[in-house]
Amino acid sequence: ETGVTQTPRHLVMGMTNKKSLKCEQHLGHNAMYWYKQSAKKPLELMFVYSLEERVENNSVPSRFSPECPNSSHLFLHLHTLQPEDSALYLCASRDGTGHTEAFFGQGTRLTVV
Amino acid sequence: GNSVTQMEGPVTLSEEAFLTINCTYTATGYPSLFWYVQYPGEGLQLLLKATKADDKGSNKGFEATYRKETTSFHLEKGSVQVSDSAVYFCALNHAYTGNQFYFGTGTSLTVIP
């Protein structure tokens, strides 16, 4: 248990659906991340929020839309996804000062059909 | 730029064998270095870290030493167990990159009885 909770753990959605992934941390961290982990590919950073402002957006398609309403919660809104978007989506948080590690959630396994 | 290079897997060892997973990095200055472990169906968990040159991180029998002269942070364990079967990721974070983490591609380890 890392203190970062992701829901749901598994999600199957059609290409025309709209769904949201949720991430929650009560560690007092001020930076939160979304990563995508696909089979046989490196971990891919999607978004970084620091102090609730987006500071990184690594050329992610607009069908992925992040939201950080406060320092404890992070969402990833999904719409009109493609089958190649099927992956494990990992949330992480960090105390954005000093040489601190990132704490990861258990991930949401997303399957787009 | 900043990057992390890990030895390719998969690695298969017999129980009680010695483990080394190589990791080298490219970065300016003095990054913090991390090893994360991912068990099947789970998120990434911090295994150990080192924040300055010559520091040795250790946890659960695993060790890694931050070598500035060779820009390396190799993971070692003297006697692996079946329960160590997982994917191992080397990562760095740098003060100059703020909240950005750079991950290696991961090395899959299978330990057979």
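Okay, here's what the table says:
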quantity	calculated
Residue list for the range B:46-70, filter: among the polar types (S, T, N, Q) and either within 9 Å of the chain's Cα centre (by Cα) or at pLDDT 95 or above (or both)	B:58, B:59, B:65, B:70
Of all residues making up the range A:42-53, the number that are closer than 19 Å to residue A:105 by Cα and of a type in the set (D, E, K, R)	2
Residue under evaluation residue A:61, criteria (1) more than 14 Å from chain B (Cβ to nearest Cβ); (2) not in a loop (DSSP other than H, G, I, E, B), criterion not met	(2)
Answer residue from the range B:19-50, given it is within 15 Å of residue B:102 (Cα to Cα) and among the polar types (S, T, N, Q) and is surrounded by the fewest Cβ atoms within 10 Å (Cβ to Cβ) among those	B:28
The range B:71-113, residues that are surrounded by fewer than 22 Cβ atoms within 10 Å (Cβ to Cβ), touching a Cys at 6+ places or on another chain (Cβ under 8 Å) and closer than 16 Å to residue B:29 by Cα	B:72
When residues of the range A:54-66 are limited to those that are open to solvent by less than 70 Å² (accessible area, probe 1.4 Å) and not polar (S, T, N, Q), the one farthest from residue A:108 (Cα to Cα)	A:56
Boolean, residue B:49 is out of contact with any Lys or Arg (no Cβ under 9 Å at 6 or more places or on another chain) and of a type outside the set (Ser, Thr, Tyr)	yes
Strands (runs of 3 or more DSSP E) within the range A:67-113 that include 2 or more residues of a type outside the set (Lys, Arg), within 13 Å of another protein chain (Cβ to nearest Cβ) and open to solvent by less than 50 Å² (accessible area, probe 1.4 Å)	A:87-94
Residues (more than 12 Å from chain B (Cβ to nearest Cβ), open to solvent by 80 Å² or more (accessible area, probe 1.4 Å) and either on the phi > 0 side of the Ramachandran plot or in a strand (DSSP E or B) (or both)) located in the range A:1-53	A:12, A:18, A:19, A:52
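Conditions tested, residue by residue: (1) at pLDDT 95 or above; (2) in contact with a strand residue (DSSP E or B) (Cβ under 7 Å, 6 or more places away or on another chain); (3) under 17 Å from residue A:96 (Cα atoms).
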| residue | (1), (2), (3) |
| --- | --- |
| A:10 | yes, yes, no |
| A:22 | yes, yes, no |
| A:25 | yes, yes, yes |
| A:48 | no, yes, yes |
| A:61 | no, no, no |
| A:78 | yes, yes, no |
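The values are calculated or read from the model by the stated rules, or taken from the named source; none is laboratory data. On a predicted model such as this, the values are computed, not experimentally measured, just so you know. As a convention, Cβ positions derive from the backbone with ideal geometry for all residues, glycine included, and neighbour counts pool all protein chains shown. Heavy atoms of the whole protein, side chains included, go into the accessibility calculation; ligands, DNA and RNA do not. Shrake-Rupley method; radii C 1.70, N 1.55, O 1.52, S 1.80 Å.
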